[in-house]
C-alpha cells in the first residue's frame with residue numbers, strides 16, 4: 001500500500017472519530033438539557049401519561065317552585081367496578097361466596113353467575129370489572145356495604161365513580177320554561193329557559209380527582225378522596241306554583257286534544273307583582289301527541305286579532321275622540337276599503353247601531369274599525385303614538401333568550417299603506433307574543449300599572465341569605481287615566497257577564513271573570529285559511545288576583561275555532577280551579593320529608609334503610625321521584641298534593657312493590 005493511500009485512510013479515520021466525538025458531545029449536551037433544563041417538563045409529561053387529574057362536575061343548583069317543591073335537581077348516578085388484583089387471596093376466598101349471593105339477589109341473577117364472574121376476573125387479573133352502572137344512591141350504598149366491598153379501596157378493590165344527571169321531578173310539565181344548558185359537539189353552549197338564563201349561578205365550580213392509568217387505557221382513582229371537592233351551584237327559587245302549573249297544563253292539553261289543534265300556550269300571572277305562576281306551551285307531534293315543543297308564550301309573535309281591540313279602545317277613549325256611549329253604525333256588518341278589501345263581522349248583516357262599549361263587548365269588527373278609522377284617518381300617527389306611549393312597541397326584556405319582538409307599524413315606515421290603520425284597529429298587521437299581550441291586560445287589572453313579568457324570586461344557597469333578590473319592576477306606572485281604565489274594565493266584565501257578550505258562556509254565578517275573546521285569521525292569503533283562538537282576562541273581576549291568557553293555534557275548523565268556544569273554556573277551568581284551591585288552602589304541618597328541617601338526613605336514612613317514608617302533604621311529583629328511587633311502582637289518583645298513601649310510613653320496602661297515592 002502506498003503512502004498516499006495510507007494517508008487517505010488515516011484522514012478518513014480521523015474524520016469518523018471527529019464526527020463520533022461531536023455526536024457524543026451533542027448527545028451529552030442534550031442529556032444535560034433534558035435532565036437539568038427540561039427535566040421538569042418531561043417528568044410532568046410522563047406523569048400525565050400515567051397519573052392525571054380528572055375534572056369533577058359540580059352538583060348544579062336546584063330550581064324550586066314558589067313553595068320550594070323541586071322543579072329541577074341534580075341526581076348522582078353511580079358506576080361500580082372492582083379491581084380483582086387488590087384483595088389478598090385469603091380475603092377473596094373468605095368473602096367471594098357471600099358477595100356473589102348478595103349481588104345475585106340485588107340484580108336478580110343466580111349467585112353462580114356472579115361467583116364465576118368474580119373468579120374469572122381474579123384469574124385474569126381484571127383491574128376494572130364492571131359490577132353495575134347508572135345506579136341510584138340507595139343501590140350504591142347497599143353494594144358498598146357488601147362483604148369485601150365494605151373494605152377500603154386499597155384492601156377490597158371497590159372502584160366507585162359517579163356522574164351527575166339533571167332531572168325534572170314534574171316530568172314534561174313546564175319543560176321549556178325550566179329549560180336546559182347543553183354543550184354541542186363544537187363546544188358551544190345551548191341555553192334554554194331558566195337553566196340557561198341563570199346558568200352562571202346554577203353551575204357551581206369544578207372539582208378534581210386524581211386517577212392512575214391501568215391496563216387497556218382505563219383510569220382508576222388513586223384514593224377514596226378528591227383532590228378538590230366540587231362546589232355546588234346556587235339554588236334558584238322561581239315564582240312558579242306547582243298546583244297552578246298542573247291545572248294550566250292539563251286544561252290546555254285537554255282542549256288541544258279535543259280540537260286537534262297545532263299548538264297552544266297558557267300563562268297565569270299574579271296581578272300585583274307580575275309573578276308568573278304557571279306557563280304551559282304544548283305543540284303537536286306527527287302522531288297527534290302533545291309535548292313542550294317550544295316556548296310559544298315568549299318566542300312566538302303573532303297577530304292577536306280581537307284581543308287587540310282593548311288597546312285600540314283605550315287609545316280612542318284616552319284621546320277623547322270617542323266616549324263609551326257614542327253610537328257607531330256597523331253598516332250591515334261589512335266595510336270596504338279601496339273598493340276591494342273588506343272587514344266583516346262574525347254576524348251576517350252586522351249589529352246595526354251600537355254604543356262604542358257594546359261594539360267592544362260584541363267584538364264587532366266593523367264597529368271598532370269604523371271608530372278608529374273615522375277619527376284617525378287624517379292623522380294615523382296620533383293613534384300609533386298613543387300605542388307607543390303605552391309601551392306596546394317594546395319587548396319585555398325577559399331574562400330568556402328568544403323573546404320575539406312586538407311589531408306596531410308607524411306611518412313613517414317604508415311599508416306603511418292605507419290599510420294599516422283600519423287593520424291595526426282589530427288586531428291585524430301588528431305582532432305580539434301571548435306574554436306581551438297578557439302584560440298589557442294585567443296592567444288594566446292592576447289599576448293601570450304595568451309590571452314586568454317575573455319568573456324568579458331569589459337566588460341563594462340552602463340556609464343562607466339570598467345572593468340576589470328579584471323585586472317587582474314597573475314598566476309603565478300608568479298606561480292610561482283612571483277614567484278610561486274604569487270604562488274598559490266595565491266593558492271587559494260585560495264581555496262575560498252580559499248575555500250579548502262574546503264570552504257569556506263561561507259566566508259563573510259564584511265567580512266573576514273579566515276579559516276579551518279573540519278569533520284571528522291566519523294564512524288568510526291562502527286557500528286554506530286557519531284561525532288562532534284566544535281569551536285573555538283576569539279574575540275575580542271585582543278584586544283581581546290573577547290574569548291569564550289562553551292562545552290555541554289552528555284548531556280543527558270542523559270542530560270549532562271561535563275564541564269563545566276554544567280558548568275561553570280553558571280560561572274558566574283554570575280560573576275556577578285556582579280560585580277554589582287558593583280559597584280553601586289547607587296548611588300541612590311540617591312533618592314530611594319535603595319540608596322537615598332535617599330533610600336531607602331523613603331522606604338518606606330512608607333510601608339506605610329501604611323504608612316507606614311519609615309523603616302526605618308532598619306534591620305528587622316530589623313523592624313520585626322519592627318513591628321510585630326506593631324501587632316502588634307508584635300509581636297516582638287525582639291531582640295536587642298527597643292526602644293518602646296505601647302503604648304505611650315505616651314499612652319495609654319489598655321488591656316490585658306497588659303503592660297508591662291519593663291526591664287532593
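The values are calculated or read from the model by the stated rules, or taken from the named source; none is laboratory data. Every value quoted in this text rests on a predicted model; they were computed, and no experiment measured them. Cβ coordinates were reconstructed from backbone atoms using ideal geometry, including for glycine residues, and neighbour counts include every protein chain displayed.
Residue by residue, here is whether (1) in a strand (DSSP E or B); (2) at pLDDT below 70; (3) under 23 Å from residue 460 (Cβ atoms) holds:
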| residue | (1), (2), (3) |
| --- | --- |
| 32 | no, yes, no |
| 36 | no, yes, no |
| 42 | no, yes, no |
| 61 | no, no, yes |
| 67 | no, no, yes |
| 78 | yes, no, no |
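Within the stretch 284-312, the set of residues being over 30 Å from residue 371 (Cα atoms) and assigned to a strand (DSSP E or B) comprises 284, 290, 291.
Regarding residue 11, is this residue in the same structural domain as residue 136 (by TED's automatic domain parsing) and either out of contact with any helix residue (DSSP H, G or I) (no Cβ under 6 Å at 6 or more places or on another chain) or modelled with pLDDT of 75 or more (or both)? Here the answer is no, as residue 11 does not meet what is asked.
The residues of the stretch 348-367 that are within 22 Å of residue 536 (Cβ to Cβ) and surrounded by fewer than 21 Cβ atoms within 10 Å (Cβ to Cβ) amount to a single one, 357. The condition (being in a helix (DSSP H, G or I), closer than 19 Å to residue 171 by Cα and touching a helix residue (DSSP H, G or I) at 6+ places or on another chain (Cβ under 6 Å)) is satisfied by just one residue among 315, 254, 278, 248: 248.
The single condition from (1) in contact (Cβ under 8 Å) with a residue 12 or more places away in the chain; (2) surrounded by fewer than 21 Cβ atoms within 10 Å (Cβ to Cβ) that residue 285 fails is (1).
For (1) assigned to a loop (DSSP other than H, G, I, E, B); (2) at pLDDT 95 or above, each residue gets a yes or a no:
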residue: 332; (1), (2): no, no
residue: 363; (1), (2): yes, yes
residue: 368; (1), (2): no, yes
residue: 371; (1), (2): no, yes
residue: 392; (1), (2): yes, yes
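A quick yes/no check of all residues on (1) out of contact with any helix residue (DSSP H, G or I) (no Cβ under 9 Å at 6 or more places or on another chain); (2) free of Cβ contacts under 8 Å to residues at least 60 places away in the same chain:
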position: 479; (1), (2): no, no
position: 482; (1), (2): yes, yes
position: 486; (1), (2): yes, yes
position: 489; (1), (2): no, yes
position: 497; (1), (2): no, yes
position: 500; (1), (2): no, no
position: 506; (1), (2): no, no
position: 509; (1), (2): yes, yes
position: 516; (1), (2): no, no
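Restrict the check to the stretch 243-251 and report whether at least one residue is within 21 Å of residue 518 (Cα to Cα), assigned by TED's automatic domain parsing to the domain that holds residue 503 and over 20 Å from the mean Cα position of the chain (by Cα).
Checking the stretch 243-251: not a single residue is within 21 Å of residue 518 (Cα to Cα), assigned by TED's automatic domain parsing to the domain that holds residue 503 and over 20 Å from the mean Cα position of the chain (by Cα).
Take residue 227 and decide whether it is touching a residue at least 60 places away in the same chain (Cβ under 8 Å) and not assigned by TED's automatic domain parsing to the domain that holds residue 386. So residue 227 passes the test.
For every residue, the table says whether it meets (1) closer than 27 Å to residue 345 by Cα; (2) assigned by TED's automatic domain parsing to the domain that holds residue 325; (3) in contact (Cβ under 8 Å) with a residue 40 or more places away in the chain; (4) not in a helix (DSSP H, G or I).
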{"position": "374", "(1), (2), (3), (4)": "yes, yes, no, no"}
{"position": "378", "(1), (2), (3), (4)": "yes, yes, no, yes"}
{"position": "395", "(1), (2), (3), (4)": "no, yes, yes, yes"}
{"position": "398", "(1), (2), (3), (4)": "no, yes, yes, yes"}
{"position": "412", "(1), (2), (3), (4)": "no, yes, no, yes"}
{"position": "418", "(1), (2), (3), (4)": "yes, yes, yes, yes"}
{"position": "424", "(1), (2), (3), (4)": "yes, yes, yes, no"}
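Considering the stretch 451-476, the residues that are under 20 Å from the mean Cα position of the chain (by Cα) and either part of a loop (DSSP other than H, G, I, E, B) or assigned by TED's automatic domain parsing to the domain that holds residue 62 (or both) include one that is nearest to residue 270 (Cα to Cα), namely 453.
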